[in-house]
Amino acid sequence: REAESFKEQGNAYYAKKDYNEAYNYYTKAIDTCPNSASYYGNRAATLMMLGRFREALADAQQSVRLDDSFLRVGGSSPAPPVPCCPCSCSSLLPSPQGHLREGKCHLSLGNAMAASRCFQRVLELDHKNCQAQQELKSASTVLEYEKIAEVDFEKRDFRKVVFCMDRALEFAPACHRFKILKAECLALLGRYPEAQSVASDILRMDSTNADALYVRGLCLYYEDCIEKAVQFFVQALRMAPDHEKACLACRNAKALKAKKEDGNKAFKEGNYKLAHELYTEALGIDPNNIKTNAKLYCNRGTVNSKLRKLEEAIDDCTNAVKLDETYIKAYLRRAQCYMDTEQYEDAVRDYEKVYQTEKTKEHKQLLKNAQVELKKSKRKDYYKILGVDKNASEDEIKKAYRKRALMHHPDRHSGASAEVQKEEEKKFKEVGEAFTILSDPKKKARYDSGQDLEEDGLNMGDFDANNIFKAFFGGPGGFSFEASGPGNFFFQFG
């Protein structure tokens, strides 16, 4: 009766929830009496409480194998009580508990089809078994979630797949397959820490799990840690040489790394056309790699800015921030392109985004500069009115004023329509304003810095362009407009 003694001690520890000790004593009972279905069943129950479902499944299956030999004896008559093992211990034929435990292990491990067969077997033996009926419904629910997830994965509705796997794992907490599918979808959704956590948990239990190695590599790949990702993909392929996803990801990772590095090399060498081609080719390799593609778009945007294709550069940077809204470098590059194309409101918006994220002195100055340019852009562009560059000399400004003032003087357009006369008079006044500001070093400096000119006491509303004109050309009698034919004039200077 030594085996029975071990079993009773195991039962006592099980009742106290000391499952490790219970496991040890049930093992001793099995070692003493290896043909007892109940000992295997008890140890299976203990292993289930310890979360060791694969081992529990093996014990449950062994208990069923031993049990089945006593279920029926010729025909359908119940078998008489028969000792379960040569030692003549008192453990006789149990109820369908072995099949129930086997089914629960299968379900916990995610094999809902096998679990359903076990629960159906229980109901064949005991059609009123409520637990088997409930477990059969649970297995059906898991199968339904599996089907939905398969369809949604093909549709790339990864959030729905994660939802289905979470529900399925409530019934199958030890199913690595469900966990891996969830982790893969989390990675595809950009939720890398969560995906890595799931994959790492599996690898701690099974370091050779190719699927977990693949998902771990996938997270690194999508985080633009391509070299480390390749190492995981290679390791996964060592464990499972036919792993299609790992093979494809490994190939894509190597191709992306090579194209990106070649593009960077061409850029550094000043071969912008080739760099543009290489970055474009890299962008076509894997549309799912968001972070790497964001960098590639930004790199191509930099190339376009070097080629003075500023609108294309802006488009590339916009694509970069669509993929990664935290990508500061892309915002800075786009903001500079906005500045170069005089789209100052957009530049201010980007620099504000950057400064809110990284409050550095450099970013603050960039924002301030853009705000000044925006303020200046809302005023009249006196350089444009005179048709001179912002670095024009004093002589160039005078020559420009002479040309534009004579071109728009009202006397020259006295024979034109009222509408034309009004427009030319407006331009004549603007030319005078521009000359007044740009010919005065102090006013010019204030204008260039974006400060308010009104602080200098200059009220443009009361500005008299004729006084400036007279002063410039030497007062009355210094010039005259005379007709040389219908609609033609020449200038007579005294």
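The values are calculated or read from the model by the stated rules, or taken from the named source; none is laboratory data. In this text, all values refer to a predicted model and were calculated from it rather than measured experimentally. All Cβ positions, even for glycine, are placed from backbone atoms using ideal geometry, and neighbour counts span all protein chains on display. Surface areas here come from the heavy atoms of the whole protein model, side chains and all, with no ligands, DNA or RNA. Shrake-Rupley method; radii C 1.70, N 1.55, O 1.52, S 1.80 Å.
Numbers below:
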| quantity | calculated |
| --- | --- |
| Looking only at segment 409-468, and only at residues there that are in a loop (DSSP other than H, G, I, E, B) and loosely packed, with under 14 Cβ neighbours inside 10 Å, the one that is modelled with the highest pLDDT | 417 |
| Extreme residue, farthest from residue 347 (Cα to Cα), among residues of segment 282-311 that are surrounded by 17 or more Cβ atoms within 10 Å (Cβ to Cβ) and among the charged types (D, E, K, R) | 286 |
| Members of segment 182-199 found to be open to solvent by 30 Å² or more (accessible area, probe 1.4 Å) and within 18 Å of residue 234 (Cα to Cα), listed by number | 196 |
| Total residues in segment 393-413, condition small (Gly, Ala, Ser) and touching a residue at least 40 places away in the same chain (Cβ under 8 Å) | 1 |
| Residues satisfying the stated conditions in segment 372-397, i.e. under 15 Å from residue 443 (Cβ atoms), out of contact with any helix residue (DSSP H, G or I) (no Cβ under 6 Å at 6 or more places or on another chain) and outside any loop (DSSP other than H, G, I, E, B) | 376, 383, 394 |
| Single condition residue 122 does not satisfy, out of (1) in contact (Cβ under 8 Å) with a residue 24 or more places away in the chain; (2) in contact with a Cys (Cβ under 8 Å, 6 or more places away or on another chain); (3) of a type in the set (A, V, I, L, M) | (2) |
| Within segment 374-388, tally of residues that are surrounded by fewer than 16 Cβ atoms within 10 Å (Cβ to Cβ) and farther than 12 Å from residue 435 by Cα | 5 |
| Residue within segment 110-126 that is part of a loop (DSSP other than H, G, I, E, B) and either under 23 Å from the mean Cα position of the chain (by Cα) or at pLDDT 95 or above (or both) present | yes |
| Counted residues, segment 48-67 - those being more than 41 Å from the chain's Cα centre (by Cα) and within 16 Å of residue 19 (Cα to Cα) | 1 |
| Condition check for residue 326: surrounded by fewer than 20 Cβ atoms within 10 Å (Cβ to Cβ) and either within 17 Å of residue 298 (Cα to Cα) or in contact with a Cys (Cβ under 6 Å, 6 or more places away or on another chain) (or both) | yes |
| Filtered residues of segment 178-223 (kept if more than 19 Å from the chain's Cα centre (by Cα) and not in a helix (DSSP H, G or I)) | 206, 207, 208, 209 |
| Helices (runs of 4 or more DSSP H) lying entirely in segment 266-363 (those with 3 or more residues that are under 22 Å from the mean Cα position of the chain (by Cα) and free of Cβ contacts under 8 Å to residues at least 24 places away in the same chain) | 272-283, 310-323, 344-357 |
| Pair list, Cβ under 7 Å, 6 or more apart: segment 7-25 residue without any contact (Cβ under 8 Å) to a residue 24 or more places away in the chain and farther than 14 Å from residue 41 by Cα, other residue of a type in the set (D, E, K, R) and open to solvent by 50 Å² or more (accessible area, probe 1.4 Å) | 13/21 |
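Condition check ((1) in a loop (DSSP other than H, G, I, E, B); (2) modelled with pLDDT of 95 or more; (3) touching an Asp or Glu at 6+ places or on another chain (Cβ under 8 Å)) across all residues:
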site: 13; (1), (2), (3): no, yes, yes
site: 20; (1), (2), (3): no, yes, no
site: 23; (1), (2), (3): no, yes, no
site: 34; (1), (2), (3): yes, no, no
site: 38; (1), (2), (3): no, no, no
site: 41; (1), (2), (3): no, no, yes
site: 46; (1), (2), (3): no, yes, no
site: 51; (1), (2), (3): yes, no, no
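For every residue, the table says whether it meets (1) open to solvent by less than 50 Å² (accessible area, probe 1.4 Å); (2) in contact (Cβ under 8 Å) with a residue 12 or more places away in the chain; (3) among the β-branched types (Val, Ile, Thr); (4) touching a Pro at 6+ places or on another chain (Cβ under 6 Å).
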position	(1), (2), (3), (4)
136	yes, yes, no, no
148	no, yes, yes, no
164	yes, yes, no, no
175	yes, yes, no, no
180	yes, yes, yes, no
201	no, yes, no, no
